[in-house]
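Down below is the structure, laid out as structure tokens.
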Amino acid sequence: MGFSKLGQTLTAAEILFLVKDDLKLVEKEIRLESIASVDVITAIGQHLQAGGGKRLRPTLLLLACRLFNEPSTLAIKLAAVVEMIHTATLVHDDVIDVAETRRGRPSTNALWGNHTSVLAGDWLYMQAFQVALRERNFHILDVLIGLTQVMVEGELIQLDRIGKIAVSEADYMELIDRKTASLFSACARLGAIAGGADDHAEARLGEYAWNLGMAFQLVDDVLDFTSREKVLGKPVGNDLQEGKVTLPLIYALESATAEEKAAVATVLSDSSYKTVPFTTILQIIKKYKGVERVMERAQAFTEVARAIIGEFPESSVQRSLFGITDLVTDRDH
């Protein structure tokens, strides 16, 4: 895991060491803010928090803050806010996708049903905004409201394209911009705001994180085809079964034969690999180098992110933000 001109290597443990104490406070904040007057919402919140996760988004926010100042109570609260928003989107996604597992555990909709899960996701969204609203900071609210609108629009765009084989690269890039990269960007911007950064630094960190988020989602698309279920925490090849044609397949379909396109269409139609096995789809992707092409795109986004973070003064925090770009592209889940 090289660091180009920074000439230094950081492991995931070294990066997380900078924010491990902050993350403990974030977890405490999430736990406290997920307690509701309705028992089932509290139970769902506890189930979701126990499921863990990478906590990449709050980590990104806290590191962005640390570029300028030690994280304050504001930074801790905002880190909890972005994780709660992220969790709410996952709850809604699982309902829409009829997912049965999340991070290797039963999804909320599998345990509590769709209606309760949708309302619990709504509650998490509103609770996140309640926490942010207490700060009485219009700049923060502007970032969060803009983010939520973009993410909901992304979900609606994805719903419209479910089951459709004719998805272009441009279409897909627009989707992951809205659904993933926008949240990464908002995390870095909120961290910069909490750290007292000026407008230029906030904007550049937002651009850094946007490119990081694009790379993150592209690698996710690859892992959906190449990882193992035990590692991924959900069935491999799940996106296609759920009607989502992602970039490795979009690239393959550009050159695929009529028979190969028909095989993909069958999986979309069946919502399963019963007629056309997963191995057949994987062979099509490999034949047209779909994985390699997507990883090249992901690498291009990380290179832009590295260039931007290289503009900031060198420090352990800056090196960590640089190192995250490697962790995003070189992972197995």
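The values are calculated or read from the model by the stated rules, or taken from the named source; none is laboratory data. None of the values given here were measured: they were computed from a predicted structure. All Cβ positions, glycine included, derive from the backbone under ideal geometry; neighbour counts span all protein chains shown.
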### Message
Can you go through I96, I157, I165, I76 and tell me which one is crowded, with 21+ Cβ neighbours inside 10 Å and β-branched (V, I, T)?
### Response
I76
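Among the helices (runs of 4 or more DSSP H) confined wholly to the range 271-333, which include 3 or more residues that are farther than 24 Å from E169 by Cα?
Details: elements: 278-287, 290-309, 316-329.
In the range 271-333, 290-309, 316-329 are the helices (runs of 4 or more DSSP H) which contain 3 or more residues that are farther than 24 Å from E169 by Cα.
Could you tell me whether V267 is closer than 25 Å to P106 by Cβ, among the hydrophobic types (A, V, I, L, M, F, W, C) and at pLDDT 95 or above? Please lay out each step first, then the result.
Values: closer than 25 Å to P106 by Cβ: yes; among the hydrophobic types (A, V, I, L, M, F, W, C): yes; at pLDDT 95 or above: yes.
Yes; evaluated as a whole, the condition is true for this residue.
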### Message
Of everything in the range 265-320, what is farther than 15 Å from L247 by Cβ and small (G, A, S)? Give them in sequence order.
### Response
A265, S269, S271, S272, A305, A307, G310, S315, S316, S320
### Message
Could you tell me how many of the residues in the range 299-331 are within 24 Å of N69 (Cα to Cα) and of a type in the set (S, T, N, Q)?
### Response
5
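Going through L60, L90 one at a time, which residue ends up being of a type outside the set (D, E) and in contact (Cβ under 8 Å) with a residue 60 or more places away in the chain? Full working, then the answer.
On the way: L90 fails: in contact (Cβ under 8 Å) with a residue 60 or more places away in the chain.
The conditions single out L60.
To keep it simple, each residue is scored yes or no on (1) more than 19 Å from G196 (Cα to Cα); (2) at pLDDT below 95.
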site: P71; (1), (2): no, yes
site: H92; (1), (2): yes, yes
site: H139; (1), (2): no, no
site: L144; (1), (2): no, no
### Query
Would you say A262 is part of a helix (DSSP H, G or I), among the aliphatic types (A, V, I, L, M), modelled with pLDDT of 95 or more and in contact with a Phe, Trp or Tyr (Cβ under 6 Å, 6 or more places away or on another chain)?
no
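When you look at V236, is it under 21 Å from D97 (Cβ atoms) and buried (at least 19 other Cβ atoms within 10 Å of the Cβ), yes or no? Before the answer, list the steps.
Values: under 21 Å from D97 (Cβ atoms): yes; buried (at least 19 other Cβ atoms within 10 Å of the Cβ): no.
Criteria not met by V236.
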### Query
Can E292 be described as farther than 24 Å from I176 by Cα, acidic (D, E) and surrounded by fewer than 15 Cβ atoms within 10 Å (Cβ to Cβ)?
no
## Note on the structure
Reported set for the range 112-136 where residues are under 13 Å from A43 (Cα atoms) and either in contact with a strand residue (DSSP E or B) (Cβ under 7 Å, 6 or more places away or on another chain) or hydroxyl-bearing (S, T, Y) (or both) is T116, S117
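Out of W123, W210, which single residue is assigned to a helix (DSSP H, G or I), of a type in the set (F, W, Y) and free of Cβ contacts under 8 Å to residues at least 40 places away in the same chain?
Working: W123 fails: free of Cβ contacts under 8 Å to residues at least 40 places away in the same chain.
Of W123, W210, the one residue that is assigned to a helix (DSSP H, G or I), of a type in the set (F, W, Y) and free of Cβ contacts under 8 Å to residues at least 40 places away in the same chain is W210.
What do you reckon, is D177 surrounded by fewer than 24 Cβ atoms within 10 Å (Cβ to Cβ), at pLDDT below 95 and within 29 Å of E260 (Cβ to Cβ)?
Values: surrounded by fewer than 24 Cβ atoms within 10 Å (Cβ to Cβ): yes; at pLDDT below 95: no; within 29 Å of E260 (Cβ to Cβ): yes.
For D177, the condition - surrounded by fewer than 24 Cβ atoms within 10 Å (Cβ to Cβ), at pLDDT below 95 and within 29 Å of E260 (Cβ to Cβ) - is not met.
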### Query
Looking at (1) among the basic types (K, R); (2) surrounded by 16 or more Cβ atoms within 10 Å (Cβ to Cβ); (3) closer than 29 Å to L74 by Cβ, can you tell me which one R134 breaks?
(2)
### Query
Take the residues of the range 244-259 that are among the polar types (S, T, N, Q) and outside any helix (DSSP H, G or I): which is nearest to S168 (Cα to Cα)?
T246
### Summary
When M84 is run through (1) touching a Leu at 6+ places or on another chain (Cβ under 7 Å); (2) under 30 Å from G310 (Cβ atoms); (3) not polar (S, T, N, Q), the failure sits at (2)
### Query
Hey, does the range 133-144 have a residue that's within 21 Å of the chain's Cα centre (by Cα) and polar (S, T, N, Q)?
no
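Here's a check for you: in the range 85-120, which residue that is among the acidic types (D, E) and part of a helix (DSSP H, G or I) is farthest from E29 (Cα to Cα)?
Step one: list which residues in the range 85-120 are among the acidic types (D, E), which gives 93-94, 97, 100.
Now restrict to residues that are part of a helix (DSSP H, G or I): 93-94, 97.
Numbers: D93: 24, D94: 24, D97: 29 Å.
Ranking the qualifying residues of the range 85-120, first place goes to D97.
Residues in the range 99-112: is at least one without any contact (Cβ under 8 Å) to a residue 40 or more places away in the chain, of a type outside the set (A, V, I, L, M, F, W, C), closer than 23 Å to S271 by Cβ and surrounded by fewer than 17 Cβ atoms within 10 Å (Cβ to Cβ)? If you could, list the steps in order and put the result at the bottom.
Restricting attention to the range 99-112, the residues satisfying the condition of being without any contact (Cβ under 8 Å) to a residue 40 or more places away in the chain are 100, 106-107, 109-110.
Then keep just the ones that are of a type outside the set (A, V, I, L, M, F, W, C); that gives 100, 106-107, 109.
So of that shortlist, the ones also closer than 23 Å to S271 by Cβ come out as 100, 106-107, 109.
Of the ones still in play, those that are also surrounded by fewer than 17 Cβ atoms within 10 Å (Cβ to Cβ) are 100, 106.
Yes.
If a residue has to be part of a helix (DSSP H, G or I) and touching a residue at least 24 places away in the same chain (Cβ under 8 Å) to count, how many in the range 131-145 make the cut? Let's see the steps before the verdict.
Going residue by residue through the range 131-145, those that are part of a helix (DSSP H, G or I) are 131-133, 138-145.
Those left that are additionally touching a residue at least 24 places away in the same chain (Cβ under 8 Å): 131-132, 139-140, 143-144.
Total satisfying the criteria: 6.
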